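Chemist: Quick one: the structure is below, and I'll ask about it shortly.
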Amino acid sequence: MSRRGRWIVAALGLVLLAIGVAFALFVRRPLAAMAFLQRRALAGAGFARVELGAGGERLVLFRAGSGPPLLFLHGLGDQAGSWAKVAPRFTGHHRVVVADLPGHGASAPEAGPLAMATLAAGAERLLAEAARDGRVTVVGNSLGGWLATLLAHRHPDQVERLVLVNGGALRGEEHGISLQPRDRREAAALLARMRDASAPPVPGFVLDDVVRTAATGPIARLAGDLAGFESHLLDGRLDGLAAPVDLLWGVSDEVVPLAYAERLLAALPAARLTPLERCGHVPQVECPERFLAALEQVLAAPPPAPRLSDPAPAAAPPAEDAAP
């Protein structure tokens, strides 16, 4: 074989080796591989990676576009890349910020217990960053919807409006399934409750990674802060929320079901519900095209108007004096 032939064979061998290593890493850590691709997609769409603070205070966000600020907050155990198929559409007329919440993605803290107060404080820092360009529209999925509601409650001067996606700040109903599955069967049962029945089956190696991540990732790190959960709920206090709210809800979600959205609708002073059929708990990933179309529609429309208060009952006419 000629020298050139040997070089070609060697180069081909290196390519095949790289493909084999990449495939092995994907099979062993499919969730991390998916997150890597999603974050690369944000970068490819023109989003610049920005770090706020350093060390244990570091928050990572991706920023692009110009115009009124639009902040996207992901759910528990997720990361900024979950918005990769949605956020780029808005950069032509918004200053878009897509963030890793504390303890998620590349944001600190990277290990140890994770408190709800830490998440809320991080969300406030992200809001302050986005609000440099004006009052902010916040889109939050799951835990991100809870945090978005807290932001509107604490900082009404900085929040223009909310879009809550399968999440909020009310106490949820017991759904009888653990967010920390211990094996493939429990992981499959959890994902079945979170996704539409027509969604493709999840491969076993992905279920294994769900189990591993749930045991060591943000879900496990936050699980010990039950007192923090309670102190950050807004049951009975949503009637004072100044920001108008759109509820954009995946109907197939059984973890935070449509009934939860209806409770929010009844409690909020200015809200509108848009159901998304055949979508589950994370519609921006499961059904991104339909979710994007619905989000564009609600943001282009005027915000929900305040609900009219029930009229006070008419006063009864004074009783006539009884005859003597």
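The values are calculated or read from the model by the stated rules, or taken from the named source; none is laboratory data. These figures come from a predicted structure and were not determined experimentally. When we count neighbours, we look across all protein chains shown, and the Cβ atoms used for this are built from the backbone with ideal geometry, even at glycine. Heavy atoms of the whole protein, side chains included, go into the accessibility calculation; ligands, DNA and RNA do not. Shrake-Rupley method; radii C 1.70, N 1.55, O 1.52, S 1.80 Å.
Chemist: As a check on your grasp of the helix formula, calculate [θ] at 222 nm for the chain: sum -39500 (n - 2.57) over DSSP H runs of n ≥ 4, divide by the residue count, round to the nearest 500. Numbers along the way, then the final one.
Modeler: On the way: 11 runs with 130 residues, N = 324.
Taking each H run of at least 4 residues, the total per residue is -12500 deg cm²/dmol.
Chemist: Another question, if that's okay. Quick one: Kirkwood hydrodynamic radius for the stretch 144-240, alpha-carbon pairs, angstrom, one decimal? Working shown, then result.
Modeler: Numbers: mean 1/r = 0.0639 Å⁻¹.
Computed over the stretch 144-240, the radius equals 15.7 Å.
Chemist: Can you give the accessible area per residue of the stretch 63-187, in Å², using a 1.4 Å probe?
Modeler: Working: 4520 Å² over 125 residues.
Per residue, the stretch 63-187 has 36 Å² of solvent-accessible surface.
Chemist: Using amide H atoms built in the peptide plane, which far-off residues or other-chain residues are under 5 Å from Gly103 H to H?
Modeler: For Gly103, whose amide H was placed from the backbone, the distant partners under 5 Å are Ala108.
Chemist: Mind sorting out which of (1) 0.94; (2) 0.97; (3) 1.10 is the real Rg/Rh (Cα atoms, Kirkwood Rh) computed from the coordinates?
Modeler: (3)
Chemist: How charged is the neighbourhood of Val245? Take every other residue with its Cβ under 10 Å from the Cβ of Val245, and add Lys/Arg as +1 and Asp/Glu as -1.
Modeler: Net of charged neighbours comes to +1.
Chemist: Beta carbons within 10 angstrom, averaged per residue: use that to sort the peptides 78-84, 50-56, highest first.
Modeler: Those peptides, ordered most packed to least, come out 78-84, 50-56.
Chemist: Please give the net charge around Glu186, taking every other residue with its beta carbon less than 12 angstrom from that of Glu186, where Lys and Arg add +1 and Asp and Glu add -1.
Modeler: Numbers: positive: Arg182, Arg184, Arg185, Arg193; negative: Asp183, Asp208.
Cβ neighbours under 12 Å give a net charge of +2.
Chemist: Using a 1.4 Å probe on the protein heavy atoms, what percent of the accessible area of the stretch 172-314 belongs to carbon and sulfur?
Modeler: 60 percent
Chemist: Here's a follow-up. For every other residue with a beta carbon closer than 13 angstrom to the beta carbon of Pro302, add +1 if it is Lys or Arg and -1 if Asp or Glu, then tell me the sum.
Modeler: Overall, the nearby charge balance is 0.
Chemist: Next question. Restricting to DSSP loop positions (anything but H, G, I, E, B) with no more than 12 other Cβ atoms inside 10 Å of their own Cβ, which GluC sites (Glu not before Pro) remain in the stretch 128-192?
Modeler: Glu173, Glu174
Chemist: What are the extents of the Cα atoms of the stretch 132-198 along their three principal axes, listed from largest to smallest and rounded to whole Å?
Modeler: That works out to 47, 25, 17 Å along the principal axes.
Chemist: Using Cα-only point scatterers and the Debye equation, what is log10 of I(q)/I(0) for the stretch 24-148 at each q in 0.21 Å⁻¹, rounded to two decimals?
Modeler: -1.23
Chemist: Can you give me the % of accessible surface on the stretch 66-116 that is carbon or sulfur? Probe 1.4 Å, all protein chains present, nothing else counted.
Modeler: 53 percent
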